[in-house]
1. Can you compute the helix-only [θ] at 222 nm over the chain? Use -39500 (n - 2.57) per DSSP H run of at least 4 residues, normalise by all residues, nearest 500 deg cm²/dmol.
2. For Cα pairs less than 8 Å apart in space and 6+ apart in sequence, what is the mean separation divided by the residue count of the chain, i.e. the relative contact order in percent?
3. Going Cα to Cα from LYS16, which aspartates and glutamates come in below 18 Å? Please leave out same-chain ones fewer than 8 positions away.
4. Which distance in nm do the two modelled labels at GLU25 and VAL219 give, with both placed 7 Å along the Cα-to-Cβ direction?
5. For the pair ASP206 and GLN181, what calculated FRET efficiency results from E = 1/(1 + (r/R0)^6), where r is the Cβ-Cβ distance and R0 = 22 Å, to the nearest 0.05?
6. Shape call for the range 49-244 from the C-alpha gyration tensor, a ≥ b ≥ c root eigenvalues: rounded (a/c under 1.5), prolate (a/b greater than b/c) or oblate?
7. Longer than 21 Å from Cα to Cα, which of LYS188/LYS210; LYS184/LYS210; LYS158/LYS238; LYS150/LYS236; LYS187/LYS236; LYS158/LYS184 are they? Say none if no pair is.
8. Evaluate the charge dipole of the chain about its Cα centre and quote only its size in Debye, nearest 20, assuming +1 on the Cβ of each Lys and Arg and -1 on the Cβ of each Asp and Glu.
Amino acid sequence: MATETPHDGRLPLAYKNEAFLDSPEARSLRLLSEYLEPLAHFRRERIRDTIVFFGSARIREDGPGSRYYHDARDLARRLAEWSDNLDNPLYRFVVCSGGGPGIMEAANRGASEANSKTVGLNIGLPFEQRPNPYITPELSFEFHYFFMRKFWFAYLAKALVVFPGGFGTMDELFEILTLVQTRKLEKKIAILLYGTDYWNEVVNFDAMVKHGTISPEDVNLFDRADDPSSAFEILKGKLTKYYLQKEPPTEPGAAPDIAKSRV
């Protein structure tokens, strides 16, 4: 590990020594910073919880599959308008995405068109992933560690909307499904798969039931929708049932709502 040359005979303070902070020995500090820095921003911006949009970075506004881009944009706008009109001192059910292009951009764009705050959890990748311009600047984050980014997806989400996507989308979907199926989390998460034709072709959940790798009731862990109106009504209904009918009045200092593990 290289050490900065002192100018006055003294080494720099450890927390100002970039060579140390970039070293393997300081990895635990870098991990902790990807928890504490977003947490500070969420508290400052009074974000309590989120609705997370997943989907392909390759679906563009005017290319193949463009209807999914427009539907994600429309749905995000509807959800943002609805959540902004809730009587609550904190920002509830804020639209959140992976921060990049495609479906992620569409979700942030729709929320921004409703003049709502919107979160982008970006990850540094050699291709595809650059922050889109529709994220609220104070809520645009850049992660190095995938699992810290996943932490913030899972632990603030009260709903998950999954549009057609590739490996990354599948990874994120099945991780959340596993947490819900195993009851690792105490909270309820509304999961909605958008685009029935795509999901029926790409993932055969009925075959999993047939072969005994999941239980028959596991296919009830999620809903499906094919248009923004239906998706909005499903999500609004579940979020109202799970979180708006039973919760006591929220204190401003309660943000963000970090999900508790059962173990």
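1. Details: 9 runs with 103 residues, N = 263.
That comes out to -12000 deg cm²/dmol.
2. Relative contact order here is 20 percent.
3. Within the straight-line limit of under 18 Å, LYS16 reaches these aspartates and glutamates: GLU4, ASP8, GLU25, GLU34, GLU37.
4. That separation, rounded to one decimal, is 5.7 nm.
5. Values: r = 16 Å, r/R0 = 0.74.
That gives a FRET efficiency of 0.85.
6. Numbers: a/c = 1.39, a/b = 1.21, b/c = 1.15.
The shape class here is rounded.
7. Details: LYS188/LYS210 27 Å; LYS184/LYS210 25 Å; LYS158/LYS238 10 Å; LYS150/LYS236 24 Å; LYS187/LYS236 16 Å; LYS158/LYS184 15 Å.
Over 21 Å apart, Cα to Cα: LYS188/LYS210; LYS184/LYS210; LYS150/LYS236.
8. Values: 33 positive and 37 negative charges, 136 e Å.
Charge dipole of the chain: 660 debye, to the nearest 20.
Here, each number is a calculation from the coordinates, and none is a lab measurement. All values derive from a computational prediction rather than experimental measurement. Cβ coordinates were reconstructed from backbone atoms using ideal geometry, including for glycine residues, and neighbour counts include every protein chain displayed.
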